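Shown next, in structure tokens, is the structure this report addresses.
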Amino acid sequence: MTVAIDSAPLLQIENLRVYYWTQAGPVKAVDDISFTINPKERFGFIGESGCGKTTTIMAILRLIKRPGRIEGGRILLKGSDILSLNDEEMRQSRWSRISLIPQGAMNSLNPVMRVQDQIADAIVTHRGAVPIRELRERIGDLLETVQLSADVADMYPHELSGGMKQRVCIAMATALEPELIIADEPTSALDVVVQKAVMETLIGVQERLNASMILIGHDMGMTAQVADRVGVMYAGKLVEVAGTRELFRQPQHPYSQALISSLPSIREKKRGGGIPGLPPFLLNPPQNCLFHPRCPHAIAFCRETPPPMHRLRPGHMTACHKLSAPEQFDSAGGSDSGAGAAMAGAGTEASSGHQTR
Amino acid sequence: MAPPLLEIRDLTKRYGGGLFRQPSPPALEDFSLRFAEDEAKITTIAGESGSGKTTLANLALDFIHPTSGQILYRGQDIAEMSRRERFVFRREVQAIFQDPFGTYNPFYKVDAVFNTVIQKFKLTNERSERRRITEEAMEVVGLRPNEILGKYPHELSGGQRQRIMVARAFLLKPRIIVADEPVSMIDASLQMRILEIFRNLKEEYGISFLYITHDLSTAYQISDDIYILYGGSVMEYGDIEGVIQDPHHPYTQLLVGSITLPDPDVRWEGRSASASSEETAAINLNGCKFYHRCPHAMERCASGTPQNYRITPKQTASCFLFE
């Protein structure tokens, strides 16, 4: 790993909670999660849709919209809490310190502005007036770092392919040399061959800037290849955090295990893939361990006690009673397997009971 | 000998064109394929956007008409079918589309999906019978009817909606299902469960699939054979094992090399940074379509069109390297 242990973390998230206040009650989209991101590190989030990945990064950017609200916790960027910044200070930090490459970024380009005007806009808004010659030179350099030729500057978005548009977005997001780049599905909607090339460009820019990166992608293969560390989210909770290799080789949380083994691969043919059941309905989630209705190992203890985040090894955390309180599973003894089988059997679509309240 | 169930012969489709305009380059060119009457299989059509895979799906479903070539269903050209024959064709060849959100009318309960096809194809008039076949179809795709029926589409997850679409197709006892990117909008963890249903329908009910996708990993899991399309032409064809594990055509090699494996020990191979110009390199219309992007391009590739050269008994590649 490229991470120096002694350096202070760039980003520290402590007990972050983000709720959406709906008419039917609060939806705990992000519920008490804590993690850190080190300088120059690439951190990946994986999990099913609706597990809170995008809400987490939107909270880091303070872009949560009503009815959502950050209910508690701290987000420390180099030690200072960005939740205490006023709106103008926050607006200044976005893009210059933390930048976002949003989902479907290529559709976020303004169709009636030339590429260079859009990039210039971002620079001028944050840095104030810049001499035009300097600006042009700057934009030329930026385009070069994302492997686009200089004549792209004079083009309109419709003249570019999807991959090229995505590169323009990368150029814009990194124009102000942020310390943290957040990439939400940066390559979905692109062709496979182009995905790879765009991802390589993004990594190149991130390394050149010595920035850290948070990567969200439903392509877990991509995350496995790119990230240094990975966090697994389930129903608003962080259930496991580990180095990428360790996580993909030896996932410890039953959800991580199921998620990773469900991935189609060209290495082996699998039968009966997928995780039984559905993700919980967040207006009426299961109590305590949120995964217990789908978990093959669940015992009564899991339904009665919330699992704490438990440190298995340095750098490997997971929230599962089987790992933090194995003695409970010993005492459950014979009934363990019975309960487990019953849960698994009930698992098929049973958890849609939560789905439908 | 009985004619094959579905036979596509030298199918070409050009869009646009007209009296005074140059015809556009072909979206699909000289494509042939065959599904046997007695042996169900899952055939994948893979390629990037613009490769012609959705054009093929639309042609096979008779949504659009070919510029040249034929599609024969049980030996009968679908362009020349009588009303009666077309009715049978429409029932026996079913479609599943990409977007599990866009295929529903949000104002109707999901029951309407089943009731509509039951009425249209006159499956039954009786209410109890209607209920029975609907429930049977839902159970085949692993849904519990009492949890789903009576609900509106927005109350269901993407995976459930897509399974309802599979159930709807199954209701009609089709022989072939054309599935155009059926799982690309579904969570990775659920994709395999839907594809598992496809495999079941093939094995238990003898339903063949034309599985159209850009994702070679899922194709590898369920297909029997695969066509790799580029610029409307077949680059490589063969049994799935051969094409994925031992790709011969340079384009297939590029595609297979771009697959991300969920394995941190396998890093991407090949070029560290590709020029973006390569992504948009125009398709060569005079010779090999892949000429402008091919690392092995030779002079003759610019103007000569390679045939399908046999590599193994079950695999062909359209590339002069294998002449």
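Coordinate-derived values only; no laboratory data. The structure displayed is predicted, hence computed values, not measured ones. Heads up, the Cβs are rebuilt from the backbone with ideal geometry, glycines too, and the neighbour counts pull from every protein chain shown.
Here are some notes:
- Angle between chain A longest axis and helix A:87-96 axis [Cα atoms, degrees, rounded to 10]: 80 degrees
- For chain A, the ratio of Cα radius of gyration to the globular rule of thumb 2.2 N^0.38 Å stands at 1.07.
- Estimated Rh, region B:1-78: Kirkwood, alpha-carbon pairs, angstrom: 13.5 Å
- On the basis of the beta-carbon distance and an R0 of 25 Å, residue A:284 and residue B:139 show a calculated FRET efficiency of 0.40.
- FRET efficiency, 1/(1 + (r/R0)^6) with R0 60 Å, evaluated for residue A:303 and residue A:130 via beta carbons: 0.50
- Computed over all pairs of different Cα atoms, the Kirkwood value for the hydrodynamic radius of region B:184-261 is 13.4 Å.
- Against the empirical curve 2.2 N^0.38 Å, the C-alpha radius of gyration of chain B lands at a ratio of 1.06.
- Within the listed set A:61, A:263, A:109, the residue fluctuating most in the Gaussian network model of chain A (springs between alpha-carbon atoms under 10 angstrom) is A:263.
- Taken over the alpha carbons of the protein assembly as shown as equal point scatterers, the Debye sum produces base-10 log I(q)/I(0) values at 0.05, 0.08 Å⁻¹ of -0.26, -0.69.
- Nearest-ten-degree value, helix A:162-173 long axis tilted from longest Cα axis of chain A: 80 degrees
- Full extension of the chain between residue B:64 and residue B:131 gives 20.7 nm of extra length, using 0.36 nm per residue less the Cα-Cα distance.
- Taking only Cα atoms of region A:123-170, radius of gyration then Dmax in Å: 11.4, 31
- The distance between label points at residue B:10 and residue A:71 comes to 6.8 nm (points 7 Å beyond Cα on the Cα→Cβ vector).
- Virtual spin-label span in nm between residue B:124 and residue B:80, 7 Å along Cα→Cβ: 3.9 nm
- Taking chain B and dividing mean pair separation by its residue count, relative contact order in percent (alpha carbons under 8 Å, at least six apart): 19 percent
- Spin-label pair residue A:331/residue B:30, simplified geometry with 7 Å Cα→Cβ offset, distance in nm: 7.6 nm
- Highest mobility in the GNM of chain B, judged by mean-square fluctuation with C-alpha springs under 10 Å and restricted to B:233, B:157, B:82, is found for B:82.
- Residues B:260, B:218, B:12, arranged from fewest to most other Cβ atoms within 10 angstrom of their Cβ, appear as B:12, B:260, B:218.
- Each 5 Å bin, from zero up to the one with the longest distance, holds this percent of the alpha carbon pairs of region B:118-246: 2, 9, 19, 19, 19, 14, 8, 6, 4, 1, 0.
- Each of B:258, A:149 was scored by other Cβ atoms within 10 Å of its Cβ. Arranged with the fewest first, they read A:149, B:258.
- Reachable lysines from residue A:270, criterion Cα separation under 28 angstrom, eight or more residues apart if same chain: A:53, A:196, A:322, B:41, B:53, B:173, B:202, B:314
- Cα long-axis angle, helix A:326-350 against chain A (0 to 90 degrees, to the nearest 10): 70 degrees
- Remark: A:84, A:324 ranked as A:84, A:324, counting other beta-carbon atoms within 10 Å and listing the fewest first.
- Diffusion coefficient of region A:88-202 by Stokes-Einstein, Kirkwood radius over Cα pairs, 25 °C, 0.890 mPa s: 173 µm²/s.
- For the protein assembly as shown, the mean residue ellipticity at 222 nm estimated from helices alone is -10000 deg cm²/dmol, where every DSSP H run of n ≥ 4 contributes -39500 (n - 2.57) and the total is divided by all residues, rounded to the nearest 500.
- Given R0 = 35 Å, the distance between the Cβ atoms of residue A:63 and residue A:158 translates into a calculated FRET efficiency of 0.80.
- Most mobile of B:265, B:62, B:225 in a GNM of chain B (Cα contacts under 10 Å): B:265
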